[in-house]
Each structure stands twice: as structure tokens, then as C-alpha cells.
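Read through the structure below, which is laid out as C-alpha cells, and then see the notes.
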């Protein structure tokens, strides 16, 4: 496991661990975490992106679009290398001038891997975003909760589609403890569908299902404006695509059979425990009921 100094900076890594740092287009690793990457973890001067020694560079200096594209490429790299553990530093939050609130959500959407460790400031920023969503500072149109095994086979989580100053955004959280705490306070603001296999979809009660766009996309209407949403969970997507007719009231629908999930016995047991926990919560709020077959 990585070792830190008293200021919270990484000083040592195990052989299977990687230091993820912010770079620039020239690969000039001259200061901050980039200099640490060169001096301690094998980063190469002139290499602006990718794995180098026990470090991985992400260019944060050229443009926001390029940085976010490189973050996505990094996530896919980590997914393809489960034998490695990646420690992400506060990339973009030094000389590049970004804040954790700007960078952290880009990681939150993708990191369903056990081998990516985010800095505490990124975790705090994402927790605050979830709190703001539930507190009504941003309008949630749709969110869904998946049990372990249903999202990439690793971790359960919550995906939110929300409006921020009129712009539709998608964000994902894996902090189930915070989700339960906040949902328990604000569950009356949402209509929900139980889709089976541990999957739940929740809709702002002011939203209306309009139409199916494809097997992975559907349209919700909020205050006379339509928004195209992408379903993530297999069960939830199947329920929405196969059960709801245009302009359906979410409280009155017919559910079709949910496709099977293939998972290990350990994942199944974890899912059953979490499902029981969610049912208990829904029952206490008067939200759970058997759907019609």
C-alpha cells in the first residue's frame, strides 16, 4: 500500500501501484506532482500522456476537452489492467487552475474499479454534489440504483441525470452510505420503479416519460422541455423500454421480465443483503409495493 508523508503526499509505492499525475502537452514534468513522478516513480520528460515507469500522466494544460478525454482514456486503461492499483493525485488543481469540484465528477462517472484511488478532495467534492442534488439545489430528473454485480461486475452505485442551470448532466456516485442517508430524507420527492434483480429507478414526480429513442435511450419531459436520458442498469432499462407507454404515469405501469444477471455467489449474497436493506427502507417510507406482472 502507498505511503504518505505528514502533508498527505505519496512518498512510496508497492511494485503493483501507479502514481497518476497532471502533465502538460510538452511532457515537461518540472513541478508539483509531475516532478515527484520524475524523481520517484519513473516518469519520462517529454511524455505527456500515459504509463511511464510507475506513473501515469494526464495532460491538464492544453484544453478542458482534451483533459477530460485523457481522463476517460486513463479509466479504460485502468479497467484493462486490474492487476495494477492507481493512486490519482489532484490533477488539474495546481497550475492548470481547476478546482476539485470541476475535475472530480469526471472520475466519479467512470470509476467503478477497485483499483482506482481518488484523493480525499475529489471524494469530498462528489459527496457535496450528491448532497446538493438531494437538497434541491439542482433538479434531479432521473436516477437509478444498482446492486453490486449489476454495474461492471464490481460495485453498486447511483447514477443521476440532473439539470444544472438548464444544462442536462450525468453523474455517478458509489457512496451508497451517503445515498441511503440522503434518500431517506428526500424520498418523497421521487416516484420510483422496482425493476427486479436489485435495480431501482427513481423519477422526479414532475417528469413524464415521453418516448423510447433506442434500446439504451428514452425521453423524459420536465416543465415542457424534453431531455434524452441513457439507461444504464439492464433491469431498469428493460422495464422502461418494455413497460412504459408514452405519457405514462410512473405510479401505474406493468413490468416485464427482467433479464438475468450473471454473477458470482459472493456477489449474489452481497446483492441480496443490500436488496433487503433497500426494501426495508422503502417499506418504512410506504414506497415499496409488488408490481403487476
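Within segment 191-219, the set of residues being within 19 Å of the chain's Cα centre (by Cα) and either assigned to a strand (DSSP E or B) or at pLDDT below 65 (or both) comprises 198, 199, 200, 201, 202, 203, 217. The set of residues in segment 139-159 being at pLDDT 75 or above and in contact with a helix residue (DSSP H, G or I) (Cβ under 6 Å, 6 or more places away or on another chain) consists of 140, 144, 158.
Every residue, every condition in (1) assigned by TED's automatic domain parsing to the domain that holds residue 11; (2) outside any helix (DSSP H, G or I); (3) in contact with a helix residue (DSSP H, G or I) (Cβ under 7 Å, 6 or more places away or on another chain), yes or no:
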| residue | (1), (2), (3) |
| --- | --- |
| 34 | yes, no, no |
| 39 | yes, no, no |
| 44 | yes, yes, no |
| 68 | yes, no, yes |
| 77 | yes, no, no |
| 82 | yes, yes, no |
| 87 | yes, yes, no |
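Could you go through segment 88-97 and let me know if any residue there is free of Cβ contacts under 8 Å to residues at least 60 places away in the same chain and under 15 Å from the mean Cα position of the chain (by Cα). Within segment 88-97, not a single residue is free of Cβ contacts under 8 Å to residues at least 60 places away in the same chain and under 15 Å from the mean Cα position of the chain (by Cα). Residues of segment 4-13 being within 27 Å of the chain's Cα centre (by Cα), closer than 17 Å to residue 54 by Cβ and either surrounded by fewer than 18 Cβ atoms within 10 Å (Cβ to Cβ) or modelled with pLDDT of 95 or more (or both), which ones? Answer for segment 4-13, where residues must be within 27 Å of the chain's Cα centre (by Cα), closer than 17 Å to residue 54 by Cβ and either surrounded by fewer than 18 Cβ atoms within 10 Å (Cβ to Cβ) or modelled with pLDDT of 95 or more (or both): 4, 9.
With respect to (1) more than 23 Å from the chain's Cα centre (by Cα); (2) surrounded by fewer than 15 Cβ atoms within 10 Å (Cβ to Cβ), the lone exception for residue 36 is condition (2).
The values are calculated or read from the model by the stated rules, or taken from the named source; none is laboratory data. It should be emphasised that the depicted structure is a prediction, and the values quoted were computed from it without experimental measurement. Every residue, glycine as well, gets a Cβ built from its backbone with ideal geometry; the counts of neighbours run over all protein chains shown.
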